[in-house]
Amino acid sequence: MKTTPLPSSAGSAPVSRLAAPLPTFDYDPLSRVVFGAGTLTRLGELVRALGGTRVLLITDPGLEAAGHPQRALQSLLSAGLEAFVFDAVEENPTTRHVEAGLEMARDRKVDLLVAVGGGSSMDCAKGVNFLLTNGGSMADYKGFGKATKPMLPSIGVPTTAGTGSEAQSYALIADARTHMKMACGDRKAAFRVSILDPEVTASQPAKVTAVTGIDALSHAVESYVTTRRNALSQLFAREAWRLLEANLPVVLREPDNLDARGAMQIGAHLAGMAIENSMLGACHALANPLTAHYGVTHGTAIGILLPHVIRFNVPAVGALYGDLSHDVGLLNGDDAAAAEALTRRVEEFMRTAGLPTNLSACGVSGGILPVLAEEASHQWTGRFNPRPVTEADLLHLYEAAL
């Protein structure tokens, strides 16, 4: 093992110190990444390379005005492929959306799936892939690795720099009856290719840029400190944080700046890679019930809660938060102070974007907080929080954010 000599006084023998051992991990990259302005035009070529001939393009109707689904469809048709469009995806897709997409995929006998859109379109495409190839219902795949049969090849084209879903093997699908999200993961569900084209993100409204960017930031911050972190996941998370922290203000000021848009896409993708290898924490456990009960946009809920979760975690991982603060010049010194600087930076992003900074502004009432805390305690991400979090802790975090 490598040793590092310590400074010694004149005439004394150098003293050596063992380097801290790295934890073991198993890293297996999921997919190919194609990055660059205009790369959406390569979609047809990339589908052909995967052997696709009959393609289901899964997207949402809100993108039609921007023309992204039409350009994707044109690329597919120009490559001589048969293509069909399913555009009934809505924000926070439910089992109902997946089942509707499944019906079209079966009827058209497709052999490859393409998702063009935000995390909702990509999650829906993964959900369709589960049911089309393995049968059953989405509840059968809650957890990880429960698909026993091969799945169709698929391509993800994110139109936001936010969820990083294109870099992950999980689909987040809400139960249409309870509205609670199920995390359904399997390596076979991951996109074979991700196309990161910064041109397709330039059409986003400013609010969408803000909430998706804050979501991506939270992925970097949370994945850097989880109990499942490792050397590679932290590398991805730390670089994601640097790119996102520097470029989110730029894209909010200059929405047509493609260099900054590209940096945001790479940052969101790296944060997604970090999640795949280290999971998330209490912030996401707290956010999901808010979306289920109040329809609070995911990125808004995350931005409100993240500062309080950082403060809660300082006793366990203050030094790691210090790394992130130091990396972007917020503060270099006392861990607690560095973590507080990190929280202030997140709060600054929320104010700059004109987003609410507390739950009361979102219409959340104090009376429902115990219900939210009970539901948050069952969210899978909470188990990876670096400081063990109980239902009572979750309630206190909601109260602090109210």
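The values are calculated or read from the model by the stated rules, or taken from the named source; none is laboratory data. Note that the structure is predicted; figures quoted are calculated from it, not measured. Cβ atoms come from the backbone with ideal geometry, glycine included; neighbour counts cover every protein chain shown. To get the accessible areas, we keep the full protein, side chains included, count just its heavy atoms, and leave off ligands, DNA and RNA. Shrake-Rupley method; radii C 1.70, N 1.55, O 1.52, S 1.80 Å.
Computing the accessible area with a 1.4 Å probe over protein heavy atoms, can you report the carbon and sulfur percentage for the stretch 273-402?
51 percent
Taking R0 as 35 Å, what FRET efficiency do you get between LEU402 and ARG253 from their Cβ-Cβ distance, rounded to the nearest 0.05?
According to the calculation, E is roughly 0.65.
First measure r as the distance between the Cβ atoms of ALA319 and SER137, then evaluate 1/(1 + (r/R0)^6) with R0 = 51 Å and state the FRET efficiency to the nearest 0.05.
The formula returns an efficiency of 0.70 here.
Considering only protein heavy atoms and a 1.4 Å probe, what is the carbon-and-sulfur percentage of the accessible area of the stretch 15-122? If you can, show how the numbers build up before the last one.
Values: 2870 of 5490 Å².
Of the solvent-accessible surface of the stretch 15-122, carbon and sulfur hold 52 percent.
Based solely on its DSSP helices, what 222 nm [θ] is calculated for the chain when runs of n ≥ 4 H residues each add -39,500 (n - 2.57) and the sum is averaged over all residues, nearest 500 deg cm²/dmol?
-16000 deg cm²/dmol
Go through the stretch 371-385 residue by residue and turn each phi into a ³J(HN,Hα) via Karplus (6.51, -1.76, 1.60, θ = phi - 60°); whole Hz please, and just put x for glycine and proline.
5, 4, 5, 5, 5, 4, 5, 9, 6, 5, 5, x, 5, 9, 4
Using per-residue counts of other Cβ atoms within 10 Å, averaged over each peptide, order 347-355, 213-221 from highest down.
Descending packing order for the listed peptides: 213-221, 347-355.
Compute the length gained on full extension between ARG108 and LEU77: take 0.36 nm times their separation in residues and subtract their Cα-Cα distance, giving the result in nm to one decimal.
Length gained, ARG108 through LEU77: 9.6 nm.
Quick one: pull the percent of accessible area on the stretch 148-253 belonging to carbon and sulfur, 1.4 Å probe, ligands and nucleic acids left out.
C and S fraction of accessible area: 55 percent.
Just how far, in whole angstrom, is the stretch 308-364 from the stretch 118-169 if you go by their alpha carbon centroids?
Using only Cα atoms, the two centres lie 32 Å from each other.
Using Cα positions and a limit of under 20 Å, work out the lysines in reach of LYS188, with same-chain residues fewer than 8 apart set aside.
Straight-line reach from LYS188, under 20 Å: LYS109, LYS126, LYS142, LYS146, LYS149.
Sort the following peptides by mean Cβ neighbour count (other Cβ atoms within 10 Å, averaged over residues), highest first: 22-30, 62-70.
So the peptides 22-30, 62-70, ranked by packing, come out 62-70, 22-30.
Between [x] 160; [y] 139; [z] 149, which matches volume of the Cα convex hull per residue in Å³ calculated for the structure shown?
Identified label for the calculated read-out: [z].
Would you mind working out the accessible area per residue for the chain, using a 1.4 Å probe, and quoting it in Å²?
41 Å²
Local charge sum around ASP323 (other residues, Cβ-Cβ under 15 Å, Lys/Arg +1, Asp/Glu -1)?
-3
Quote to one decimal, in nm, the extra length available between THR227 and GLU348 on full extension: 0.36 nm per residue of separation minus the C-alpha distance between them.
So the chain would gain 40.8 nm between THR227 and GLU348.
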